[in-house]
Amino acid sequence: MHTVGIAGATGYSGQELVRLLARHPHVSLQTAMGSQKGAGGRTLPALSGLWNGEVEPYDFERLAANEVVFLALPEDASADIAPQLVGRGRRVFDLSGAFRLRGDGDRARWYHAVTALPEGTAYGMTERTRAALPTARLIACAGCYPTAAVLAVAPLVTAGLVAGDVIIDAKSGVSGAGKAPSERTHFCEVDESLSAYGVFAHRHAAEIEQELGVPVTFVPHLVPIDRGILETIYLRVPAGTTDEHIAAAYAAAYSQSPFVRLRGGDLPVIKHVAHTNFCDIGWKLDAATNRLVVVSCLDNLLKGAAGQAVQNFNVAFGYDERVGLL
């Protein structure tokens, strides 16, 4: 059993972490805390009967007393806390974006609080970086939008099946904006509406390009649902590419990946992945014009956040990656 603490347990992703880790057979959930600025000292009624502990006020020493720490905090808070925990010899799984970008210039633009990555930092997208997880001390769990995009496109890049621009039209439920209220996420603004945001100015574009190694046009949208991400991705493929080539590229990448479900021409929908750790990928090829449309779907709070963190934890400690997630 690993003693585990969670900081940021009252947020949407943090509550999902509590739910998953409270029933994990190899975890003893010792501490669940609010954020540095939160008052703490509250229960989580939605988890009654599964975990009946109390969310404590933030206390670094209490958090650091655990063998493993999950951080579901804003980037600046994680940037401050995570290196200190690693310095104490703790294994840290960070759900923020603070440590995801390897380039100094990219971090200076998007995550300026992190001037250097602590030794032992690894990017945590289980299907792509599993080999680095067992020895990592700080695992920067991949973002929700990047997970859907990279899982969908990376096998095609590896197989040489991307010719030209990659355009990612991404749509997310409102929980992806976090729990702190804002005018943009107010019910009256979101209900019966759909809006694009962050065009050429979203930090996840840098993460996607880092992992794919190709330039992308990434446009996120906010849709009036609680949770879920659907990305429609437009690509050109080399002349002569067939549907069999596409299927083979995905099969080669994910034949041993239990949380990636290949749907082929049966395009994914959010309802099929909501409340699960699956990423569903489907596609349609127009061989006459060398155009490919890929649709990628996941739950932003699970495969895009808490579920992926637990999946990374499982691999890091040598457990079956499905433990606690099915």
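Summary of computed values
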{"quantity": "Test: GLU244 is in contact with a Ser or Thr (Cβ under 8 Å, 6 or more places away or on another chain), more than 19 Å from GLY176 (Cβ to Cβ) and of a type in the set (D, E, K, R)", "calculated": "no"}
{"quantity": "Number of positions in the range 213-272 that are touching a helix residue (DSSP H, G or I) at 6+ places or on another chain (Cβ under 9 Å), part of a helix (DSSP H, G or I) and of a type outside the set (A, V, I, L, M, F, W, C)", "calculated": "2"}
{"quantity": "The range 154-183, subset out of contact with any helix residue (DSSP H, G or I) (no Cβ under 8 Å at 6 or more places or on another chain) and of a type in the set (A, V, I, L, M, F, W, C), residue surrounded by the most Cβ atoms within 10 Å (Cβ to Cβ)", "calculated": "ALA177"}
{"quantity": "The listed residue being in a loop (DSSP other than H, G, I, E, B), of a type in the set (S, T, N, Q) and in contact with a strand residue (DSSP E or B) (Cβ under 9 Å, 6 or more places away or on another chain), out of ASN312, ASN300", "calculated": "ASN300"}
{"quantity": "Long-range neighbours under 7 Å by Cβ, at least six apart or interchain, first residue at positive phi within the range 1-17, second surrounded by 24 or more Cβ atoms within 10 Å (Cβ to Cβ)", "calculated": "GLY8/GLY14; GLY8/LEU71; GLY8/ALA72; GLY8/LEU73"}
{"quantity": "Selection from the range 183-209 of residues that are of a type in the set (S, T, N, Q) and at pLDDT 85 or above", "calculated": "SER193, SER195"}
{"quantity": "Any hit, the range 107-114, residues being surrounded by fewer than 21 Cβ atoms within 10 Å (Cβ to Cβ), at pLDDT 95 or above and not polar (S, T, N, Q)", "calculated": "no"}
{"quantity": "Single condition ILE281 does not satisfy, out of (1) in a strand (DSSP E or B); (2) buried (at least 22 other Cβ atoms within 10 Å of the Cβ); (3) out of contact with any Lys or Arg (no Cβ under 7 Å at 6 or more places or on another chain)", "calculated": "(3)"}
{"quantity": "Residues of the range 130-182 that turn out to be assigned to a helix (DSSP H, G or I) and at pLDDT 95 or above, as a count", "calculated": "18"}
{"quantity": "Flag if ALA98 is over 18 Å from PHE313 (Cα atoms), in contact with a strand residue (DSSP E or B) (Cβ under 8 Å, 6 or more places away or on another chain), buried (at least 20 other Cβ atoms within 10 Å of the Cβ) and not assigned by TED's automatic domain parsing to the domain that holds SER175", "calculated": "yes"}
{"quantity": "Residue in the range 113-134 that is in contact with a Leu (Cβ under 6 Å, 6 or more places away or on another chain) and acidic (Asp, Glu) present", "calculated": "no"}
{"quantity": "Qualifying strands (runs of 3 or more DSSP E) (wholly inside the range 1-87; at least 2 residues being surrounded by fewer than 16 Cβ atoms within 10 Å (Cβ to Cβ), assigned by TED's automatic domain parsing to the domain that holds LEU117 and of a type in the set (D, E, K, R))", "calculated": "none"}
{"quantity": "Extreme residue, surrounded by the fewest Cβ atoms within 10 Å (Cβ to Cβ), among residues of the range 184-230 that are within 19 Å of VAL269 (Cβ to Cβ) and touching an Asp or Glu at 6+ places or on another chain (Cβ under 7 Å)", "calculated": "PRO224"}
{"quantity": "Conditions (1) crowded, with 16+ Cβ neighbours inside 10 Å; (2) without any contact (Cβ under 8 Å) to a residue 40 or more places away in the chain; (3) over 24 Å from HIS2 (Cβ atoms): number failed by ALA148", "calculated": "(2)"}
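The values are calculated or read from the model by the stated rules, or taken from the named source; none is laboratory data. As the structure is a prediction and not an experimental result, all values here were calculated from the model. For neighbour counting, all protein chains shown are included, and Cβ atoms are generated from backbone atoms with ideal geometry for every residue, glycine included.
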